[in-house]
Structures are given as C-alpha cells and as structure tokens.
Amino acid sequence: MEPACFLSPFDDHVLGSDLYKSSQPTVVSPKSDRMEPPKTAEPTRIIVDPGTGRAYSKGRLLGKGGFARCYEATDLSSNKTYAVKVIPHTRVAKPHQREKINNEIELHRDLHHKHIVKFSHHFEDSENIYIFLEHCSRKSLAHIWKSRHTLLEPEVRYYLKQIISALKYLHLKGILHRDLKLGNFFVNENMELKVGDFGLAARQEPTDHKKKTICGTPNYLAPEVLLRQGHGPESDVWSLGCVMYTLLCGTPPFETSDLKETYRCIKHVTYTLPPSLSIPARNLLMGILKLNPEERFTLEEILDHEFFTKGYTPDKLPPSSCVMVPELNPPNPAKSLFVKVTKTLFGKRKSKIKKAPSEERDDISKLVTGLMKTSICRQLSHKTVEGNELTPLSGQSPSSSPVQTVAEESSQKSISRSVRGTMASSCEVFDDCITASAIIESAVGLLKNCLSHMPPAEKNPASLACHEHFVWVSKWVDYSNKYGFGYQLSNHSIGVLFNDGTHMSLSANWKKVHYNLTNSKHFSFLASAVPEQLQGQMSVLQYFASYMEQHLMKGGDLPSIEEAGQLPLLLLQWVKTNQALMMLFSNGTLQVNFYNDHTKVIFSKPDHTCLITYINRDRNSYTYKLSSIAELGCSPELQRRLKYILKLLQQRADV
Ligand code: ADP
C-alpha cells in the first residue's frame with residue numbers, strides 16, 4: 001500500500017490528542033476506513049509532477065524569498081520531506097528573470113557536497129516552477145543569530161569550517177556564490193551547516209571578463225564589487241569575514257543607518273574590533289578584511305590560522321544552541337559538569353560499571369546525541385503556523401516569561417545549581433539504557449519479519465484476554481513551538497519531553513517528580529521540594545497536566561494500571577507525519593496514533609513477548625501476540641497500519 005495521502009486536520013495544529021472535548025476545534029474524520037484522501041482535500045496543497053505523476057503534499061511555509069515561497073513538502077509515495085521553492089511563472093515572466101532561475105537550477109543541480117544544500121529535482125506546471133531541495137529543519141544562521149546575537153568562538157569555528165569546506169569545493173569548481181550571508185547558511189536537523197541559495201551564483205570568469213555587476217547583500221559586499229572591479233573568489237572570502245565578524249560581535253562590521261555611509265566604510269575598510277574579541281579572532285578578521293583582494297587571506301590560510309589551529313572546535317553542537325548559549329566542553333576536561341555535580345552532591349554514582357575518564361566524556365556526547373535524537377520530532381512534524389499555538393489557560397500561566405524560563409533553566413549549568421541546594425531524594429546513573437535507535441531497529445526487524453511471513457487474512461487472530469500489563473499514552477499535547485511535548489500515560493502519570501531534550505514527569509498521585517537530563521541521568525524529588533531552578537519546567541509540567549485533564553479525553557478503552565514502584569517511563573522520541581504521531585518509550589514501547597480515525601497501534605513487550613494492541617475507531621482495544629499475527633495474518637485494516645509504521649520506522653532508521 002502506498003502511504004496514505006489524506007491531509008490531516010491536525011497538520012497545522014500543535015495540540016493534539018485523541019478526542020477533543022467540545023471546546024476544541026472539530027476534527028473531521030474521513031468516513032471510510034481506507035486511508036485515502038478525503039474528497040474535500042484542498043487541491044492547492046497537493047503538488048503533482050506532470051512528468052512523472054508523483055504527488056507531494058505541500059506543508060507549512062518555511063520562508064519567502066525574492067521570487068519564491070518556500071514550503072515543506074512530502075513525497076506521498078516515499079514520505080520523504082523536502083523544502084520546495086515555488087516560483088510562480090508570473091514572477092519570472094521577463095526573460096532575464098527566467099534566466100536567473102534557469103541559472104540557479106543549472107548551477108545548483110551539479111553541486112554535490114556535504115555542506116551544500118542538496119538539489120533534488122525540479123519541474124514546473126502551468127502555474128509554478130518547483131525546486132525540491134534538502135530540507136534544513138533548523139532554518140539558517142540568520143535565525144540562530146536573531147535568537148543569540150553573538151555566538152561563542154568554538155561555535156563560530158564549528159560553522160565557519162563547514163562554510164569554508166563548501167566554499168573550497170565551489171571555488172575549485174570555478175563557481176562563486178556571490179551572496180554569502182547568514183540567511184543562506186542553512187542548518188539541518190543534525191545541526192550540520194549547508195550553504196544554499198545559488199540565485200546569484202556565477203561561474204568564475206578570467207580577470208578581464210570578471211562579472212562587474214553589483215550583487216549580494218549590501219553589508220557584506222566586498223570593496224572591489226562596490227567599485228565594479230569584478231567579483232572573484234576573494235570577494236566570497238570578504239563576505240565570509242563579514243559573517244565571522246557578525247557572529248562574534250553581534251552586528252555586521254560596516255553596518256550604519258545610512259547605506260551610502262556603509263558603502264563609504266566598506267570602500268575605506270573602516271570598522272572597529274570590539275575589545276571582547278580574542279587576539280586570534282582579531283588577527284584573522286584583519287587578515288580577511290583587507291582592501292586589496294590579493295592581500296586577503298585565502299581559504300587555506302584562514303584554516304591554518306591560529307584562530308582555528310589553537311582554538312577548540314566542537315564536533316557537534318546541541319540543537320539547544322540555536323536559542324541559548326551552549327555549555328561546550330573542550331576535549332580532555334577534568335570531568336564533565338554532570339559527573340562533578342553528581343559526585344559532589346551524592347557522594348557516589350550508582351553506576352554499575354566504573355567508568356573510565358574517556359567514557360565520562362561520552363556522557364557529554366550522549367547528552368548531545370540525546371538532544372539531537374529528541375529533536376528529530378521537528379523534522380517530520382507539521383507544527384503550527386504562528387498564531388495557532390496552544391495558549392496558556394487563564395489563571396494557569398506557567399510563569400511570567402515561560403519561554404525564557406525553560407530555555408535558561410534547563411541548561412546543565414542551572415541543573416548543577418539547582419541540584420546543589422536541594423533535597424534531591426536520589427540521583428541515578430544508568431549504563432544500560434535503551435536508546436530510541438535500538439527500539440527502532442528492533443521494531444523494524446520484528447515487523448519486517450511479521451509482514452513478510454504472514455498469510456493473507458480477512459480478520460485478526462483471537463485477541464488475548466488480559467492486556468493490562470503495559471502502559472500507553474492516553475492523551476498528548478504538542479506544544480513544541482514553545483516548550484515541548486506533553487503526554488499522559490494510562491497509569492495517570494504525566495510527562496513532558498522539553499525541546500532541549502530533558503524530560504520531567506509527575507507521578508500519578510502528583511507527589512513525586514522525576515527529572516532526566518538524558519535517558520540515563522535520572523533525578524527524583526518530592527513534588528513539594530523541586531529545586532528552584534527547575535520550577536520553570538515544573539510549572540510547564542503542571543500546566544500540561546491540567547490542560548490534558550480539563551480538555552482532552554482518554555484515547556481508548558484500555559484499562560488503567562497503577563503505577564508500580566519502578567522508575568517512570570521516559571518518552572525518548574516523538575515523530576509526527578501528516579498522518580500519524582509515533583512515540584518511543586524507554587521500556588521499548590512504541591505507540592502510533594493515526595489522526596484521521598483515532599486508531600492506534602501499540603507495540604509492547606511486557607514480558608519479552610511482543611504484543612500488538614490495536615485500538616480501533618470505536619476506541620475498543622484488542623491485543624495480539626505478534627507471533628500470532630505472523631502465523632495467522634491480520635485484517636487488512638491492521639495490516640495497512642503495520643505497513644505504514646514499518647515505513648515510518650525504516651525512514652527513522654536511515655536518519
Ligand atoms: P532568498 O534567496 O530570497 O532568501 P529563497 O527562495 O532561497 O529566498 O528562500 C526563501 C526562504 O525559504 C529562506 O529564507 C528560508 O527561510 C527558506 N528556505 C529556503 N531553502 C530552504 C531549505 N533548503 N530548507 C529550509 N528552509 C529553506
């Protein structure tokens with residue numbers, strides 16, 4: 001079966017759950033059981049390639065450019081997500097405009113580099129030209145700069161190295177970018193930088209034929225371009241210097257309130273170096289921002305500069321660094337902050353195996369990986385458009401400035417502060433935690449095996465009588481455009497996976513709070529003694545709890561079970577497609593909720609036997625052994641869903 005291509009009414013909503021009470025927007029469910037597009041689907045939201053017949057669903061708007069609007073787009077047959085630039089023919093009616101687009105396509109399609117936005121394909125219909133590009137879910141350095149204003153030197157090195165690698169490739173191919181600026185450095189889900197927008201790019205010409213056109217962003221224009229002496233690779237290097245300056249100092253080097261004055265400053269290379277800059281950073285900037293292009297550092301010289309050779313460059317940056325200052329630990333730190341805090345506060349770690357120092361360093365990378373994995377949700381998630389957010393309930397606003405509170409207080413630094421002065425009742429470090437990728441891998445194996453062996457059948461095998469031994473998600477709220485993803489489990493506990501990858505949960509009786517920095521670092525507190533520094537998260541958690549209590553209904557008839565004394569379940573990852581929400585838990589449970597008809601499939605392994613529970617549209621639940629399904633087959637209704645889940649999991653496994 002091809003994946004379903006209906007347009008979920010949830011596409012543009014952050015909040016979701018199983019059934020809304022009347023105060024919520026009406027959710028229109030297609031009548032038929034088959035996961036097909038409803039007849040009423042908005043035609044403009046589907047793009048069809050007239051050449052191949054391939055259909056794409058157009059998702060949210062990512063941004064607007066000179067000619068184009070850029071949207072998220074999903075190939076309905078492969079579920080692959082792209083960023084699609086949609087250029088109306090009317091916008092490029094003049095020959096020189098059309099030529100520009102053709103030039104962009106021509107140049108970009110031949111570029112294949114890790115740090116260049118991948119050009120996938122293009123086509124046009126009677127209304128528009130469509131250019132399908134690699135989707136960079138974390139937008140661009142311009143967005144990061146807007147939130148952060150200045151970055152740390154290691155972060156600047158991290159990004160610049162990737163830009164330089166792309167630029168070396170371009171220049172080697174004889175291509176000049178000619179519009180290097182923060183907004184054209186895209187960042188993907190894994191925090192990798194990708195140079196994009198080849199709208200002004202051009203092939204390098206011999207000196208006497210150099211392009212004399214003035215193009216680029218005024219602030220970053222090189223003096224020789226302004227003086228119409230032509231644009232060479234050195235002019236890209238100049239812009240790179242301006243980018244470096246902007247990221248380190250917070251404003252472009254030649255910015256003034258008057259464009260003429262800016263141009264005068266560029267032509268005379270008049271700029272100031274703030275005293276906060278390190279000596280190597282100053283020296284490097286001075287070597288790049290030279291009037292004479294021939295005297296300017298080359299890309300090689302930049303990389304060989306002590307700014308790069310002597311300074312620490314992280315291998316990865318946490319996604320949280322898009323909005324807040326990251327805590328970066330250079331290699332060979334004496335101890336990671338976490339280990340230090342844990343030791344100081346709790347004397348000993350309850351680690352099963354004593355870790356070597358190198359493994360302690362892994363704690364940081366695990367944390368980073370955790371953050372990155374968590375944020376996978378953003379890649380497929382069709383989050384709300386601005387202004388369609390879940391707004392705080394009256395009288396229950398979590399805090400005066402909740403976003404800031406979460407951002408600030410969930411940093412590790414704050415955690416160390418918070419835990420230091422509190423009554424944390426326990427802190428545990430686990431070495432054998434299951435990861436989301438392990439769950440995905442195992443589920444892919446089991447499902448593949450089951451689907452390839454099962455015989456055709458019209459109905460499901462006999463369901464098990466007793467199926468109350470596992471916990472499942474009965475309500476959920478996606479508030480990730482502000483805080484994170486909240487959910488209520490069938491045992492009545494509440495959890496929130498915050499956008500920064502930390503997790504907090506509240507026991508069913510609301511007496512105990514568990515806080516996880518990562519999958520394997522666990523703190524617990526009495527709800528009455530949550531450290532001050534975690535109060536922001538606590539308020540958000542309580543807010544989610546009361547919201548779900550008041551507004552959402554439980555999503556099925558499965559009985560609730562009492563919370564046992566063991567550790568709470570952790571949501572490791574959630575992924576939203578236009579059809580379903582998938583959630584992965586630390587005990588290996590995997591739950592997929594289909595939006596259109598509220599059906600759900602839950603994989604659980606309560607006692608090492610893999611069970612599949614299907615909650616149908618009437619909210620009746622049936623649990624089967626996966627082995628019985630493999631042996632006897634299942635209804636087409638369930639089979640379609642299992643196939644969809646397998647596809648989704650395989651896609652995640654490839655990430
Ligand atoms: P411009 O060249 O005027 O910036 P573009 O058409 O290249 O216009 O892009 C418009 C906007 O679309 C960008 O500013 C950015 O927000 C978004 N965008 C473009 N390409 C991508 C991409 N590959 N991934 C994510 N967003 C993108």
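Read the figures in this text as sums done on the coordinates, not as results from a lab. No experiment lies behind these values; they were computed from the predicted model shown. No Cβ is skipped: glycine too gets one built from the backbone with ideal geometry, and neighbour counts run over all protein chains shown.
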Length added when fully stretched, GLU441-ASP618, from 0.36 nm per residue minus Cα-Cα | 60.6 nm
Flagged as over-length at 28 Å C-alpha distance, from LYS146/LYS511; LYS118/LYS181; LYS459/LYS605, the pairs are LYS146/LYS511
Ranked on Cβ counts within 10 Å of their own Cβ, fewest leading, LEU497, LEU172, LEU451 go LEU172, LEU451, LEU497
For region 117-237, what is the largest minus smallest coordinate of the Cα atoms on each principal axis, given in angstrom and ordered from greatest to least?
-> 47, 43, 25
Counting other beta carbons within 10 Å of each Cβ, put TRP510, TRP145 in order, fewest first.
-> TRP510, TRP145
Nearest-0.05 FRET efficiency for LYS114 and GLN650 at R0 = 22 Å, using Cβ-Cβ distance, is 0.45
Segment GLU532-SER627, length gained on full extension (0.36 nm per residue, minus Cα span) = 29.3 nm
In whole Hz, what ³J(HN,Hα) sequence does region 167-177 give by Karplus (6.51, -1.76, 1.60; θ = phi - 60°), x for Gly and Pro?
-> 5, 4, 4, 4, 5, 4, 7, x, 10, 9, 7
Please give the contour-minus-distance gain from LEU451 to GLN229: 0.36 nm per residue of separation, less the Cα-Cα distance, rounded to one decimal in nm.
-> 73.4 nm
Footprinting exposure proxy for GLU294, GLU124, GLU72 (fewest neighbouring C-beta atoms within 10 Å first) = GLU294, GLU124, GLU72
Cα-derived Rg to Rh of region 51-135, Kirkwood definition | 0.95
